[in-house]
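Remarks on the structure that follows.
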Amino acid sequence: MERENFGSKIGAVLAAAGSAVGLGNVWRFPIETGQNGGAAFIIIYVLCILLLGLPIMISEFLIGRYTHANTAGAYRIVSNGSPWKWVGRMGVFTGWFILCYYVVVGAWTMHYTFLSVTNAFYEVPAQEYEGIFDRFVANPWVPTLWLFLFIGVIHYVITRGVQSGIERSAKVMMPTLFVLTIFLAICSIMLPGAKQGIEFLLRPDWSKVDSTTILDAMGQAFYSLSLAMGCLCTYASYFDKKTPLAKSAVNVAVIDTLIAIMAGFIIFPSVFNIGMNPNEVGAGAGLTFVSLPNVFQQALGDGSFLAVIFSTAFYFLLFVAALTSAISLHEVATAYVAEEFGFTRKKGATIVTLVVLVLGTLCSLSFGPLSGVTLFGRNIFSLFDDLSGRILLPLGGMLISIFAGWVLDRKLYRNELSNAGDLCTPYFKLLIFSLRYIAPLAIGLVFLDQVGVFEVFK
Ligand code: TRP
């Protein structure tokens, strides 16, 4: 079967950036920055991207493009029959896992876009927002309906193929996402009191930095760049031989970081504008679906045209960001099922979609009818989230860096990196050094932290 490639370099970078820019940029990064010393955190985060994120991203790109195969196939080829082939399979399954709960939040962003557009937040008292969200997620039907719609859109894009589906949608959605982000950030910065918000975000406060901050920054860098889950490896398998790997990786990292920082410019000026304490706004779902709808109404005028536009633009931005990331996660599994089991792309995609429909619905219902089903004190959704994000993600990252640094043939690496000698690679030694020593050690620490080993010493 003829394998498709991305049609252009810019299309390839936009697709990979679409994978990276997701919910993590909007609902985690700004809060972590605000609470961990502002610019101090941003500096540490950027260092993590440079020292750990980029080397691993480049390695994933390299393995994908070298093999032109799905992630499981790719690692099987480069591991020459050794057990390292399991790194690829693990990535595929973790990605599939992440997708099952990620689509649930994607569905919520659709519902909140709908609520915003219909001005449903008009005259809602501040203390009511929590109830609105809780009742919505506990309802057995409404979130499931949105979930099916969200998964339907992903399925449609994936079955259209690499060029007319993934690449074409990225070329529309990524510019939309930039425009929305810039529009929202400008609106927010112009609010009275915005200065305080910007200061909160940007003033470096090194007293807030401790070992946990650094571990948080590393974890966030990993999640945000979509590392260790086969996404970048799979997308790179559609790169052509001329795509510059290091440069593309740098572009993706820059886009991802810029959007994350701009999300902070959207959130904090409006939070400070209504005199709210940024420590009260929460993080994740609580921030996005409980605090922010209220903040937007109050900051821009309850029920006003501007509030409707702003709020709609914000949830639509989240929707687009979640969608492009979810598409990349789906593609990992689709390429795997289709190529490893010899199905057509359509059939592979259908199998993946059916599994996601079932598991995604279970995750979604775990806020309502299935909330009693728990393991280790977590509902199904948190179980999926924690298992993939806290354990499998750092584990995968560590294994990839060890593999790329110690096992993968050095000549092959250099040859691919330089596009068979076309490009200069003065950074090669540093890259290998990071893959061999810095990354495994640092990620190992994140891993131990995530599974709670350090709690014992606190
Ligand atoms: N990077 C995305 C975000 O910031 C989420 C994501 C997509 C992801 N693919 C991934 C995270 C692979 C880890 C691994 O929301």
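The values are calculated or read from the model by the stated rules, or taken from the named source; none is laboratory data. These figures come from a predicted structure and were not determined experimentally. No Cβ is skipped: glycine too gets one built from the backbone with ideal geometry, and neighbour counts run over all protein chains shown.
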- Message: List pairs: first residue in the range 313-342 and over 23 Å from residue 5 (Cα atoms), second residue in a helix (DSSP H, G or I) and near the ligand (Cβ under 10 Å from one of its atoms) anywhere in the structure, Cβ distance under 6 angstrom, at least six positions apart or on different chains.
- Response: 318/26; 322/23
- Note on the structure: Taking the range 384-436 and keeping only residues that are more than 19 Å from residue 228 (Cα to Cα) and β-branched (Val, Ile, Thr), one is left with 425
- Query: So, of the residues in the range 296-347 that are of a type outside the set (A, V, I, L, M) and within 18 Å of residue 98 (Cα to Cα), which turns out to be nearest to the ligand (Cβ to nearest atom)?
  - Reply: 325
- Pick from 108, 86, 146: which is surrounded by 21 or more Cβ atoms within 10 Å (Cβ to Cβ), assigned to a helix (DSSP H, G or I), without any contact (Cβ under 8 Å) to a residue 60 or more places away in the chain and not basic (Lys, Arg)? 146
- Task: With the condition kept exactly as written, say whether any residue in the range 243-251 is within 16 Å of the ligand (Cβ to nearest atom), at pLDDT 95 or above and in a loop (DSSP other than H, G, I, E, B).
- Result: no
- Of the residues 222, 265, which single one is surrounded by fewer than 24 Cβ atoms within 10 Å (Cβ to Cβ) and aromatic (Phe, Trp, Tyr)? 265
- Query: Cβ-Cβ below 8 Å, separation at least six or inter-chain, first residue in the range 222-240 and under 18 Å from residue 250 (Cβ atoms), second acidic (Asp, Glu): which pairs?
  - Reply: 224/256; 225/256; 227/60; 231/331; 232/60; 233/60; 235/331; 236/60
- Message: Tell me the residue from 6, 41 that is on the phi < 0 side of the Ramachandran plot and assigned to a helix (DSSP H, G or I), please.
- Response: 41
- Being in a helix (DSSP H, G or I) and among the acidic types (Asp, Glu) is the filter; apply it to the range 404-452 and report the residue that is nearest to residue 45 (Cα to Cα). 449
- Query: Can you pull out the residues in the range 225-242 that are away from the ligand (no atom under 15 Å from the Cβ) and touching a helix residue (DSSP H, G or I) at 6+ places or on another chain (Cβ under 6 Å)?
  - Reply: 237, 238, 239
- Across the range 26-57, what is the total count of residues that are within 16 Å of the ligand (Cβ to nearest atom), more than 15 Å from residue 216 (Cβ to Cβ) and modelled with pLDDT of 95 or more? 3
- Message: Just to verify a result, which residue in the range 177-207, among those that are exposed (fewer than 13 other Cβ atoms within 10 Å of the Cβ) and of a type in the set (A, V, I, L, M), is farthest from residue 257 (Cα to Cα)?
- Response: 190
- Query: Looking at (1) under 26 Å from residue 106 (Cα atoms); (2) assigned to a loop (DSSP other than H, G, I, E, B), can you tell me which one residue 390 breaks?
  - Reply: (2)
- Task: Residues being crowded, with 19+ Cβ neighbours inside 10 Å, under 15 Å from residue 50 (Cβ atoms) and not aliphatic (A, V, I, L, M): count how many of those fall in the range 401-449.
- Result: 2
